[in-house]
Each structure stands twice: as C-alpha cells, then as structure tokens.
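Contents: one structure, followed by commentary.
The values are calculated or read from the model by the stated rules, or taken from the named source; none is laboratory data. These figures come from a predicted structure and were not determined experimentally. In this analysis, Cβ positions are derived from the backbone assuming ideal geometry, glycine residues included, and neighbour counts consider all displayed protein chains. Remember, those area values only see protein heavy atoms, side chains included, never the ligands or the DNA or RNA. Shrake-Rupley method; radii C 1.70, N 1.55, O 1.52, S 1.80 Å.
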Amino acid sequence: MSGITYDYMEQYIKSLINEDSEILKELESFANENSVPIVQKETGKFLEFMVAVKKPLKILELGTAIGYSAILMCMNSGKNTKITTIERDDKMVKIASDNIFKYGYKDKIEVLQGDCLEVLKSLDDEFDMIFMDAGKGHYNHFLPECLRLLNKDGIIVADNVLFRGMVANNELVQRRKITIVKRMRKYLDLVSNDDKLITSIIPMGDGIAVTTRRNIDNE
Ligand SMILES: C[S@@+](CC[C@H](N)C(=O)[O-])C[C@H]1O[C@@H](n2cnc3c(N)ncnc32)[C@H](O)[C@@H]1O
C-alpha cells in the first residue's frame, strides 16, 4: 500500500472506481504486465475530475510513459483540448506514440521527446493545466518554468508529492531516496509559502498537490 493513508480507506476508495473504458483497461493491463508506473486509480479519477471542472483547452503533462494519463485526460476533455506530453525514454515515446495513434488521439496528443527541464525551457505557450508526473527529484526545478507557462488562472497538479509517506515522516525515508525527499519537500515548501500561490495537498494515491495563482482581481 502507499504509506499515505489507511489501507482499508485506500481499498474502499479504489473499490468505488469502476473502470468501464476498454482502452484504459488495456493500457492498465499492459502497464501492470510490463511494470510501467502509471497513475494510481484514485489519482486517475482525480485527474478526470479536474479536467471536468477546469475544462482546460491546453494541457501540459510531464512524464508520458505509455500514454495512460494523457489518454485518460483526453477522453474526459472537450473536442478542442490539446495535450502536450514530455517523455525522455525512447522506448516509452515509441509505445505512447503507438497507443495514441492506435486509439485515435493523434490529433489531440503530442509527445515531445526529451528531458522535461530542457523541453520546458524551449516551450513558449500558455497552458490551462499542467500535470507533473516525471522526475520526482526535480519538481522544484521544473516549477519556475511551469509557472512561466501557466495561464493566469491555470492549475498545476503534481503527483507523488508525499512519496510513499517519506516526505512527511523521516522514519520512513530510505537512504537512497533522501535527495528526492529533500527536493520534494523543497517543492512543497515553495508552492505552500509563496503569497502569490494557493496550494492544497491531498493525501490520496501517492500524494497530490494542486496549485493555482491567487485571484489578483481581489487585490
Ligand atoms: C510515473 S511515469 C509517468 C506515468 C504517466 N503520467 C501515466 O500515469 O500514464 C514517469 C515517466 O517520466 C519519465 N521521466 C522521468 N524523469 C524524466 C525527465 N526528467 N524528463 C522526461 N521524462 C522523464 C520516465 O521515463 C517515466 O516514463
């Protein structure tokens, strides 16, 4: 289990999520069989929810893997929504591109190959929603670029921010994960203690942080 919440709570929440999309089921099976990490079920549901509420026209994703979360967001968004997703691993780029083509999303999802930080620096666009799900030890480095690319009222959804509970509890920290933990704490500190931002941290899945800008119209 995740180390984030009680096992019985997690199991119960997961049991309420009925996946009825054959596409997502197929992608999930592939991910499980090939040990590819994809968003947890409840995180996927949360993304669906955010897309339904926010109705973003442009979504940026960091970390494509096999394209599961990009396809999930795409399935739940409007016909004009475009998703740009960044992945550095050649094999994953190929698998994700094949999946995006196979399931008919090639006009809506673009995969950019490269390291997130480098690709972020090269982008010059405005996104309504940014989903961070790559390079857990670098969210604090990605943040300035993500804020530069985020619309005035855009949202950043960052996954794995509690990292199996380690970020919140020193006793859980594995030695080889210490750098990731320290940097993730830095990210959470940055988004929680900046007067211009509002962040809500949700102990769901592996921990999710949702960040938006404070409403400047009220100032
Ligand atoms: C957790 S998986 C993404 C899962 C995907 N969002 C989903 O739920 O379907 C993280 C992916 O990010 C990629 N990755 C890790 N660090 C990266 C970096 N610095 N730049 C680009 N991709 C990176 C990994 O190769 C991996 O495929």
How much accessible area does K94 have with a 1.4 Å probe, in Å² rounded to the nearest 10? 120 Å²
Along the dipole axis of the range 7-213 (charges at Cβ: +1 for Lys and Arg, -1 for Asp and Glu; origin at the Cα centre), the most positive-end residue among L24, L57, G154 is G154
Rounded to whole Hz, the Karplus (6.51, -1.76, 1.60) HN-Hα couplings of the range 191-197, x for glycine and proline: 7, 8, 10, 9, 4, 7, 10
Where nothing but the Cβ of Lys and Arg (+1) and of Asp and Glu (-1) is charged, how large is the charge dipole of the range 1-97 around its Cα centre, in debye to the nearest 20? 540 debye
Charge dipole (the range 7-213, unit charges on Cβ, about Cα centre) - positive-most of Y8, I100, G137: G137
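Tell me the per residue accessible area of the chain using a 1.4 Å probe; a whole number in Å² is fine. Don't skip to the end; give the middle numbers.
Working: 11740 Å² over 219 residues.
For the chain, the per-residue accessible area is 54 Å².
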Accessible-area ranking of R214, R175, largest first, probe 1.4 Å: R175, R214
Within the set K152/K177; K58/K136; K58/K102; K106/K186; K108/K196, which residue pairs have Cα atoms separated by over 26 Å? K152/K177; K106/K186; K108/K196
Aspartates and glutamates whose Cα lies under 19 Å from that of K94, excluding same-chain neighbours fewer than 8 positions away: E26, E28, E33, E61, D107, E110, D115, D133
Roughly how many Å² of S77 are accessible to a 1.4 Å probe, to the nearest 10? 20 Å²
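Report the relative contact order of the range 7-213, percent, no decimals, based on alpha-carbon pairs under 8 angstrom and at least 6 residues apart.
Taking the mean separation of contacting Cα pairs over the length of the range 7-213, I get 17 percent.
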Solvent-accessible surface (1.4 angstrom probe) belonging to D98, in square angstrom, nearest 10: 70 Å²
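Could you work out the relative contact order of the range 97-219, using alpha carbon pairs under 8 angstrom and six or more residues apart, expressed as a whole percent?
Reported relative contact order: 24 percent.
Against the globular-protein guess of 2.2 N^0.38 Å, express the Cα radius of gyration of the chain as a ratio, rounded to two decimals.
The chain yields a ratio of 0.98.
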Share of the range 1-95's accessible area from carbon and sulfur, percent, 1.4 Å? 54 percent
Per residue, how much space in cubic angstrom lies within the convex hull of the C-alpha atoms of the range 99-201? 132 Å³
